[in-house]
Structures are given as C-alpha cells and as structure tokens.
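Reading through the structure tokens given below for one structure.
The values are calculated or read from the model by the stated rules, or taken from the named source; none is laboratory data. This structure is a prediction, so every number in the text was calculated from the model and none was measured. When we count neighbours, we look across all protein chains shown, and the Cβ atoms used for this are built from the backbone with ideal geometry, even at glycine.
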Amino acid sequence: MAKLSSFNKGRFGSIAFIPFIVVFAILGFASPVYFDTVSEDTLKDVGEGSKTIDQETLRQLRQNNLGPAEMLLPLTSRSKQKGFENEILRKKNEHPELAISGGGSIFDMLTFTDYFGGLDKFNLNRGRFEAFFVYNRATTRGDLWDRLKSNSSNDNVQAILQSIPTEGRPGNFWARLFAEPLVSSFPGVKIVNLEGFPFFPNRRVILSVGVRSPSELEGNASEAEIRDLCLEEARNGFAKFSGKFESFEVRKKGADAEVTEVDGNRTLDALDFSEFARRAATLRMRKTDEGGYMVIIGGVIGRDGKLENHGRWLPYPMLLPMMVGTAMSLEKDYYSSDAAYEIGRLSQQMLSGDLESKERIRSFYWAAHQLARKMNFMQMAELTQSCSDLQAVFDLSALIRTRNSPLAEAVGKLKAEKRKLLFPSADRSETPIDLKEFEDNVTIAEKAFEEDLRIIYAATLLSGDPSELRNFVESYPVYDTNGDKDAAESALQDVKLAMSYGSESLKHLLARNQPIHEKGPVLGMVSSVSPLLGGNVLTQLSHTNRSLALFLKMTLVGSAFFFLLLFLSHALPKPKYKRTESHFMLRWTRRFSVATLWGLLSCLMLEPTLLQTPRGQVSVAGFDFALANLLSSNNDQSQMDEKLTIVTALVAGGFLLVQIVIFVICVSRVSQVKNEEAKPGLKLKLLDNEENLFDLGLYMGLGGTVLSLILLMVMTTEGNTPALVGAYTSTLFGILFVAALKIFIVRPFRNHLLVQQADEKRYES
C-alpha cells in the first residue's frame with residue numbers, strides 16, 4: 001500500500017512529460033519524409049533557387065521562340081502571365097511569320113517564304129501551323145531538299161538524304177507481287193528474289209498460297225470456314241514442304257516493280273520450313289475474281305535464312321516530309337548531338353541491310369510524326385533539343401500519344417455517328433441521333449489533352465528527361481479496378497505541382513518515382529508549427545539523407561507515444577486491486593513495445609497505401625502497326641516485386657509486433673503476480689484469472705487470419721500475396737508466442753507455486 005500511495009503522489013509530476021510529448025509529436029508527424037510518397041515540403045525545399053516555368057518562358061521569349069512560350073503560358077504565375085501574353089502578341093503583330101514557324105532568328109524570318117515555300121492558303125486559313133505542314137510545304141513547294149543536299153556538310157544530314165526513298169514507299173513491291181496472277185492464283189510455295197530495293201538488300205520473299213476454286217466450295221460453307229481451310233492449306237504448304245516450289249524475281253523499275261517468273265531448277269538453301277509454318281504472317285486473304293478464295297502467308301527471309309519482321313512505314317506523302325524535315329532539324333541542331341548521331345548512323349546502316357537499324361529508324365519517323373502533328377515548328381524543335389538521345393524521343397512521343405487517346409476515341413465516336421446520319425441502316429431505330437453530346441465530349445477531351453500536353457511539354461523542358469517522365473506516369477500506383485485514367489491524370493497533376501516549385505523539385509519527384517503525399521488538415525497545422533521547433537533540419541534530411549530522416553521520424557513518433565504512456569501511467573489513478581508492479585525492466589519493455597506499435601499504426605494512418613499493392617501499371621498504348629514493339633517498354637516487374645516485398649514485410653512485421661506487445665504485457669502481468677505478498681494458493685488463482693489474457697495472442701492470431709481471408713476474397717489477383725502472408729503468419733505467430741508464454745514462463749511459475757503450496761500444507765500438518 002505504501003508503493004501505491006507513492007504512485008498517487010507522483011501524478012502531479014507527470015505534467016513534465018507533456019512538453020516532450022508535444023515537441024516529439026509535432027516533429028515526428030510533421031517530418032516530411034514518407035515510405036511510399038514524396039512530401040510537398042521536401043519539393044519546396046529542393047526546388048528553392050532552381051529554374052521555374054516563369055524563367056523558362058522568359059528565356060524562350062528572349063530567344064524569339066513564341067511557340068514554346070505560348071505552350072508554357074497557361075502554366076506561368078498569374079502575376080506574370082498577362083505580361084508574357086502581351087509580349088507574345090506584340091511580336092506576332094510585328095512579324096506575322098512567327099505565328100506559323102513559332103519562332104526563329106531574324107534570318108529565318110526574312111527568308112521564311114523562300115526557304116519554306118510558305119504554307120498553302122487552305123491550311124493557312126484553317127490556322128494549321130503544326131510542324132508537319134511546314135515540313136510538307138518545304139518539301140513539296142520549297143527548295144529545302146536541294147539546299148540541304150547541295151550545301152550541308154553535316155554527315156548525319158547527308159545520311160538521311162541518301163536514305164530517302166525517292167521513288168515511292170519502301171516495300172512497294174508487295175502490291176505488285178500480289179497482283180501477279182502466277183503468284184496469287186495458284187497454290188504452293190513461292191520464293192521471290194528482290195532486286196534493286198535499297199531497303200531490302202540481299203533479301204528474298206517466301207510465300208505459301210492456299211486457294212479454293214469455286215467448284216471446291218460448298219454451297220452452305222461460311223466465308224470464315226473457307227478462309228480457315230485456305231489458311232490451313234497455306235500452312236501445310238510450309239509444314240509439309242516436299243522440295244517443290246516456284247521461283248520469281250521482283251526488280252525495281254522507278255516507282256514501280258516488275259515481276260518475272262524464273263525458269264529452270266534452282267538450288268535452295270537449307271531453310272527451316274517448320275518455322276515458316278509457325279511464324280509466317282498472313283499477308284493477304286480475299287475472294288478471287290473467279291469466285292473462289294485465296295490466302296497468302298509468308299514474309300521476308302534474311303541473309304541467315306530466317307524470317308524477319310519488317311514493320312510498316314509511314315505513308316509516303318507523310319514519310320517524305322518527315323525525312324526532309326528531320327534533315328533540316330539536324331542541320332539546325334534541333335536534336336541533341338547523341339540523337340543526331342544515332343539518326344545518321346541508323347540511316348547508313350539501314351541501307352547496308354541491317355534489319356534492327358531499319359526498324360528503329362522506321363519507328364523514329366512514326367514517333368517524330370506524332371510530335372510534328374501536335375505542335376508547331378519551334379515548339380517541336382525546343383522539345384527534341386531536350387531529348388538526350390533517341391530513346392527519349394520515343395518515350396516522349398509515346399507519352400503524348402497516350403494522353404491523346406481519349407481525344408482520338410471521342411473523335412472516332414463522333415465520326416461514327418456522322419456516318420450513321422449519312423448512311424442510315426435499315427435496322428436502325430427511328431430515334432434521331434443527337435450529335436451535340438458527342439461534340440461536347442470532343443471539346444472536353446480536347447481541353448484535357450491540351451492541358452496534359454502543356455504539362456508534358458513544360459516537364460520535358462525543365463527536367464530534360466522525358467524517359468523518366470514517362471516512367472513516372474506509367475508506374476503511378478493504380479489501386480482501383482478501372483483507375484488507369486485517373487492515375488495518369490493524378491500523375492500529371494503531381495508533375496505540375498512539382499514544376500511550380502522549380503526544375504530541381506521536378507527532377508527529385510521523377511527520381512523518387514512516388515506520388516506526392518496529400519496533407520490532411522491535422523498534418524497541415526502541425527507542419528506550420530514544425531519549423532519553429534527545428535523542423536527545417538528534418539526537411540533537408542528528407543532529400544539529402546532519406547534513410548536517416550526516416551529513422552528520426554520513427555524515433556520521434558515512437559518517443560512521443562512513449563512519453564504519452566509515461567504520462568498516462570503517472571497521471572491516471574491506480575486501480576484499488578492493483579497492489580504491486582511488475583519488474584521495472586518489464587515495465588519499460590512493455591511501454592517501449594506498445595509505443596512502437598502505436599508508432600507503426602500512426603505511420604499506416606499517414607500512409608494507408610503502404611498496405612495496398614497496386615493493381616497494375618498504367619496501360620500505355622503503343623503506336624499503330626509495328627511501332628508498338630519499339631515504343632512500348634517492357635513491363636517493369638522488378639518495381640512491382642519490390643512493392644510486393646515491402647507490403648508483405650509490413651503485414652508480417654505488423655502481426656509480429658502485435659504479438660510481441662501482447663507477450664510483453666502477459667509477462668509483465670506474471671511478474672505482478674510474482675510480486676504479490678500473498679500465499680501460493682492465491683497466486684495460483686490469480687494466474688487462473690489471467691488465463692484469457694494469456695490466450696489473447698491466439699485470439700488475435702485467429703482474428704488476423706479471418707481478416708486476411710476476407711481481404712483475400714475482395715482483393716484483385718495482383719494483391720493476393722500480402723493477404724495470404726497475413727493469413728499464414730497471423731495464426732502462426734499467435735501459436736508460437738502463446739506456446740512460448742505458457743510453456744516457458746507460466747508453466748514453470750505455476751509448478752513453483754504448486755511446490756510452495758504443497759510445502760505449506762506439509763508444514764501446517
């Protein structure tokens with residue numbers, strides 16, 4: 001009773017713990033470092049003194065680059081936005097050519113009409129000043145091509161000009177080959193030699209034709225069934241090749257090609273026809289003029305006798321301006337030196353027959369065309385200058401195309417509805433079609449894309465790393481079943497927020513590759529007080545030494561809860577039934593473990609996404625045709641695995657920590673019973689009374705298992721692993737800790753009490 005009295009007298013001394021609780025809690029919770037997110041306070045600190053969007057806009061204006069300045073204008077600060085807008089209008093009024101080119105030197109403005117040929121009135125009236133139209137006009141009406149060819153001493157420029165297909169689209173032999181009746185009208189294997197095609201040196205074409213004549217077709221057979229029969233026949237032509245084939249030669253003649261049959265026996269290299277049967281692409285399938293059906297499979301054979309995957313080039317009216325425009329951009333240093341070198345090298349190697357180089361340069365022109373359709377000449381030039389290498393151009397173009405897909409989808413639906421009005425079907429209902437909703441959707445999609453394009457544009461100029469930008473958008477966590485679009489928009493909004501603090505803030509965000517942490521009202525209030533207590537040091541540590549900052553955060557939060565427990569243990573009145581205390585080491589261990597558990601739960605409340613595994617990554621559509629093979633990056637499974645490992649570790653660690661806390665509490669209670677000034681019989685009864693407490697670990701283990709199994713039922717496939725780990729580990733930890741408690745602590749103490757009780761009975765007797 002004397003001890004209890006001293007405890008009650010110390011209640012007023014517990015007030016000394018309150019300042020420690022407040023200071024540690026403010027510093028701990030306001031520390032701008034998180035496990036799975038990036039703090040906005042950290043971004044502010046990192047970005048201090050770095051280049052801002054306002055500074056970048058001013059730089060563009062001073063260089064007379066109105067196009068880039070116009071792109072950045074909506075993102076500038078409100079205080080300077082009006083001044084920038086007036087300066088742009090003044091320069092346009094003085095030099096109307098700048099509205100078309102988007103900028104340039106005084107030499108470019110004086111010679112714009114002659115050099116580029118000027119835009120045609122149709123596109124001029126429509127206000128279409130995209131870079132592609134400038135390239136197209138310069139190629140078809142101006143003398144840009146001739147000037148570059150005659151005067152440029154840049155080897156990369158000359159390499160591009162030499163690689164331009166002057167007589168039609170690369171691979172224009174296909175149409176001529178399929179139009180030849182001797183090739184397409186008769187079944188069997190055909191081997192065709194290609195002569196005079198610079199993009200296909202030392203190449204052959206191998207074909208297998210499956211044909212069904214009108215007499216072989218059943219009257220009730222569907223077109224799909226007939227097609228499958230022809231396809232099977234064509235594949236069997238390769239799979240069951242007997243050595244019999246027909247030889248042809250396709251020779252280039254200007255923009256056309258001539259197909260001739262080669263007579264006589266010809267030697268055939270060792271070819272893997274079983275591979276042809278598996279990998280051969282379907283090249284053509286249609287009805288014949290006689291009423292039958294025909295299917296052609298095959299492909300291009302390389303020097304090694306294996307099939308090659310040759311992708312589709314841009315249509316020739318688009319390809320030619322893009323190649324000439326790219327040559328001009330290299331001449332004007334509108335690409336980085338590494339990108340320019342790679343473009344020139346790929347162009348040279350393509351003509352020597354290197355397939356990989358041909359496919360990569362072909363993909364590049366698709367990517368460049370995407371950029372040239374979305375911005376004017378100088379806007380594109382400034383953007384490509386910020387790409388460190390050719391892969392950065394690919395990534396930038398793919399990202400822009402992805403954000404444009406909702407607009408393309410809305411436009412496609414509008415066109416489809418317009419076609420329905422022009423060509424109504426007989427089974428269409430009489431309900432009139434209202435185009436206003438579709439037009440409104442297009443308008444909304446246009447505005448959304450314009451905003452996304454500005455963000456991507458500004459982020460590329462400030463960071464100089466569009467590859468990291470694309471990776472940030474694609475790897476942004478997606479937790480909802482249909483949350484891909486929302487996640488991509490959230491990612492770009494995070495990028496926009498980071499840019500508002502400076503270029504270094506943006507680079508830090510992209511390097512961390514984590515979302516920005518959303519402050520609640522409590523954190524916002526605490527963060528405002530934190531600098532007064534030295535929180536600026538923690539802010540600096542959050543980006544200079546993140547590991548140390550995380551350790552300090554956990555230590556401060558745990559210390560706040562530790563002193564809170566001390567305060568409560570001294571301030572709250574002691575129950576009358578509590579006559580003793582456990583061993584002081586056990587008391588301190590109990591407080592430490594409970595404070596650690598509360599600290600962990602607090603961190604989970606600050607970052608609830610820690611226990612969520614992303615459903616998947618943002619699906620980014622690739623380019624049309626075979627461009628997707630090069631522009632769409634491989635799924636970065638390592639990041640997903642890393643995230644999964646963190647989540648499972650947190651789940652298992654959380655259940656382990658809970659069991660440790662319960663174990664320490666139970667041991668502390670056993671220690672209290674030991675310190676009771678009572679007979680062994682009473683102590684045994686006290687132990688029996690605590691039996692439910694001793695089983696608490698098992699109850700919590702079973703409860704954790706049930707909770708994990710419930711989560712397992714509602715979570716997607718990607719998030720099953722953490723739930724399974726929780727279900728297994730929760731019960732396992734409960735069994736182990738309860739067994740350890742009862743076997744190694746409670747049982748020996750109970751045996752000791754039983755012996756003491758027996759001794760007392762013998763003494764009394």
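Quick grid of which residues meet (1) assigned to a loop (DSSP other than H, G, I, E, B); (2) under 30 Å from E359 (Cβ atoms); (3) among the hydrophobic types (A, V, I, L, M, F, W, C):
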site: S153; (1), (2), (3): yes, yes, no
site: I160; (1), (2), (3): no, yes, yes
site: P165; (1), (2), (3): yes, yes, no
site: V192; (1), (2), (3): no, yes, yes
site: F199; (1), (2), (3): yes, yes, yes
- For E216, state whether it is surrounded by fewer than 16 Cβ atoms within 10 Å (Cβ to Cβ) and more than 30 Å from V324 (Cα to Cα). yes
- Task: Mind listing just one residue for me: the one in the range 276-308 that is of a type in the set (D, E) and touching a helix residue (DSSP H, G or I) at 6+ places or on another chain (Cβ under 7 Å) and, of those, surrounded by the most Cβ atoms within 10 Å (Cβ to Cβ)?
- Result: E308
- In the range 355-396, which residue that is of a type in the set (G, A, S) and over 22 Å from A69 (Cβ atoms) is nearest to the chain's Cα centre (by Cα)? A392
- Task: Please identify the pairs in which a residue from the range 682-707 that is in the same structural domain as R750 (by TED's automatic domain parsing) has its Cβ atom under 9 Å from the Cβ atom of a residue that is surrounded by fewer than 16 Cβ atoms within 10 Å (Cβ to Cβ) and not in a helix (DSSP H, G or I), counting only partners at least 6 apart or on another chain.
- Result: L682/E676; K683/E676; L686/E676; L686/A678
- Message: Out of S475, S463, I need the residue that is modelled with pLDDT under 90 and closer than 30 Å to Q385 by Cα. Which one?
- Response: S475
- Can you tell me which residue in the range 540-587 is modelled with the lowest pLDDT, limited to those that are aromatic (F, W, Y) and surrounded by fewer than 15 Cβ atoms within 10 Å (Cβ to Cβ)? Y577
- Item | Qualifying positions in the range 161-174 - under 12 Å from R362 (Cα atoms), at pLDDT 90 or above and not polar (S, T, N, Q) | I164
- Task: State whether one or more residues within the range 315-331 are under 23 Å from D155 (Cβ atoms), surrounded by 17 or more Cβ atoms within 10 Å (Cβ to Cβ) and hydroxyl-bearing (S, T, Y).
- Result: yes
